[in-house]
Amino acid sequence: MRFLRRRPCPAKVAAIHHGPPRLIHFENVRKSYRVDGREVAALHPLDLRIETGEVFGIIGRSGAGKSTLLRLINGLERPSGGRVMVDGVDIAALDGAGLRGKRRDIGMIFQHFNLLAAKTVAQNVAFPLRLAGDGNRATIERRVAELLERVGLGAYANHYPAQLSGGQKQRVGIARALACAPSILLCDEATSALDPETTASVLRLIAGIHREFGLTVVLITHEMDVIRRICDRVAVLDAGQLVEMGEVADVFLHPRHATTQRFVQEYEHEETPAGAAGSAASATRRIRVTLRGESVHAPVLARIARDTRVDFGLLGGRVDRIKDTAYAQLTLALSGGDVEAALRGLREAGAVVEEVA
Ligand SMILES: Nc1ncnc2c1ncn2[C@@H]1O[C@H](COP(=O)(O)OP(=O)(O)OP(=O)(O)O)[C@@H](O)[C@H]1O
Ligand SMILES: [Mg+2]
């Protein structure tokens, strides 16, 4: 796959700010639209740094401003205030040719795929290369064939979009986004139109491409499950405000803002409601215990229960993964024995312990 490797980066423009250069940097960026002669705010002033090579998720409800934020990165929208810097370059300051050049480095995939219906799969993938005047016919054909092979559609080059499933269409969209060997991939609700199984396979493909080519991926979604599977960090948008941001495991396991808590609750809707277990009646303390990494599978609870003679009633919980990290989050009713010693023991074992009502 040597052919697909990223072009050597052009000389980086010197960073204007101190500290290491950030690949994508929103500096006090706001965006409003004019609707019926009135200014309507889509994004309130926000600062955001997306590091080189990370998978950065943005979650929010419909109308929260997710697409607006994404479109500011590749200059499809211009900020109403502040600056969007990509690799030290102010996107809004570029002229037409400069912006076209920059966009070649920023691939994008869409919820509804945006394929050209009258062109074959191969022609769709070749389109950005032809537009950029990138290579002769033979090199374009070779690159298209490699890209289609990479996304698992080697046998579909001459099909038309209407002959493909949703998942296959998105794979064509991904191949097209990668055609010019970008260093950034923007994903706007890329799996929202797909069933859960196809969603999982498209997310695996994006994750594989991210690892293989070292891309920076910015992905927007309204599903916490998508964030959990693939992202390193996440930002939560609510009515144009950036309300929470952090490592996915931290935000997911300990959400602070009410909007984030609702997203997590939606994901965990099948959790047993607290109080459903019979032992709850005699409980003296209810706690939520979060374990991460290897301690998830260690017999921590059994040991502490034995040592402290505390009964651990299980009220609800989940054992799952966040990207590559295993976690367990359990709601427990503690009764009898030395409860304080049990809480100390849990904390010493690396668990985060929170009292719940
Ligand atoms: N071109 C436009 N003109 C006027 N208003 C717009 C325009 N684009 C977006 N908006 C408004 O800005 C706000 C944010 O829109 P945006 O498309 O960024 O939301 P979103 O989070 O992507 O929503 P969805 O999940 O439905 O795609 C909305 O209130 C929307 O109506
Ligand atoms: Mg949108």
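The values are calculated or read from the model by the stated rules, or taken from the named source; none is laboratory data. The structure presented is a predicted model; accordingly, all values stated were derived computationally and were not measured. Every residue, glycine as well, gets a Cβ built from its backbone with ideal geometry; the counts of neighbours run over all protein chains shown. Surface accessibility is based on the protein's heavy atoms, side chains included, excluding ligands, DNA and RNA. Shrake-Rupley method; radii C 1.70, N 1.55, O 1.52, S 1.80 Å.
Scan Gly75, Gly63, Gly57 and give me the residue that is assigned by TED's automatic domain parsing to the domain that holds Arg103 and open to solvent by 30 Å² or more (accessible area, probe 1.4 Å). Outline the logic, then answer.
Values: Gly75 fails: open to solvent by 30 Å² or more (accessible area, probe 1.4 Å); Gly57 fails: open to solvent by 30 Å² or more (accessible area, probe 1.4 Å).
None of the other options fit; the residue is Gly63.
The lone criterion from (1) within 16 Å of ligand 1 (Cβ to nearest atom); (2) more than 28 Å from Ala328 (Cα to Cα); (3) buried (at least 22 other Cβ atoms within 10 Å of the Cβ) left unmet by Ala177 is number (1).
Give me the residue from the range 72-104 that is touching a residue at least 60 places away in the same chain (Cβ under 8 Å) and part of a helix (DSSP H, G or I) and, out of that set, nearest to ligand 1 (Cβ to nearest atom). Walk me through how you get there before you give the answer.
Within the range 72-104, the subset touching a residue at least 60 places away in the same chain (Cβ under 8 Å) is 73-74, 84-89, 104.
Subset that is part of a helix (DSSP H, G or I): 73, 104.
Numbers: Ile73: 12, Arg104: 24 Å.
Ranking the candidates gives Ile73 first.
On the stretch given as the range 289-319, residues that are under 26 Å from the mean Cα position of the chain (by Cα), open to solvent by 60 Å² or more (accessible area, probe 1.4 Å) and among the charged types (D, E, K, R) total 2. Looking at the range 108-120, can you tell me whether even one residue there is of a type in the set (A, V, I, L, M) and within 28 Å of Thr52 (Cβ to Cβ)? Yes, some residue in the range 108-120 is of a type in the set (A, V, I, L, M) and within 28 Å of Thr52 (Cβ to Cβ). Examine the range 16-25 for a residue that is at pLDDT 95 or above and within 16 Å of ligand 2 (Cβ to nearest atom), and state whether such a residue exists. Looking for residues that are at pLDDT 95 or above and within 16 Å of ligand 2 (Cβ to nearest atom), one finds none in the range 16-25, hence no.
What residue, of Ala177, Ala145, is part of a helix (DSSP H, G or I), away from ligand 2 (no atom under 16 Å from the Cβ) and in contact with a strand residue (DSSP E or B) (Cβ under 6 Å, 6 or more places away or on another chain)?
On the way: Ala145 fails: in contact with a strand residue (DSSP E or B) (Cβ under 6 Å, 6 or more places away or on another chain).
Just a single option satisfies the conditions, and that option is Ala177.
The conditions of being under 20 Å from the mean Cα position of the chain (by Cα), open to solvent by 40 Å² or more (accessible area, probe 1.4 Å) and at pLDDT 95 or above are not met by Ser80.
Among the residues of the range 302-325, count how many are assigned to a helix (DSSP H, G or I) and at pLDDT below 90. Walk me through how you get there before you give the answer.
Here is the first cut: in the range 302-325, the ones assigned to a helix (DSSP H, G or I) are 302-308.
Okay, now just the ones that are also at pLDDT below 90, so 302.
Within the range 302-325, residues that are assigned to a helix (DSSP H, G or I) and at pLDDT below 90 number 1.
How many of the residues in the range 212-229 are within 16 Å of ligand 2 (Cβ to nearest atom) and either part of a strand (DSSP E or B) or assigned by TED's automatic domain parsing to the domain that holds Asp320 (or both)? Break it down stepwise before answering.
Residues of the range 212-229 that are within 16 Å of ligand 2 (Cβ to nearest atom), as a first pass: 218-223, 226-227.
Checking the rest, the ones that are also either part of a strand (DSSP E or B) or assigned by TED's automatic domain parsing to the domain that holds Asp320 (or both) come to 218-221.
Total meeting the criteria: 4.
Could you check the range 111-142 and list, in sequence order, the residues that are in a helix (DSSP H, G or I) and either of a type in the set (Lys, Arg) or open to solvent by 40 Å² or more (accessible area, probe 1.4 Å) (or both)? Break it down stepwise before answering.
We begin by selecting, within the range 111-142, every residue in a helix (DSSP H, G or I); these are 121-131, 137-142.
Within the range 111-142, Gln123, Phe127, Arg130, Leu131, Arg137, Ala138, Thr139, Glu141, Arg142 qualify.
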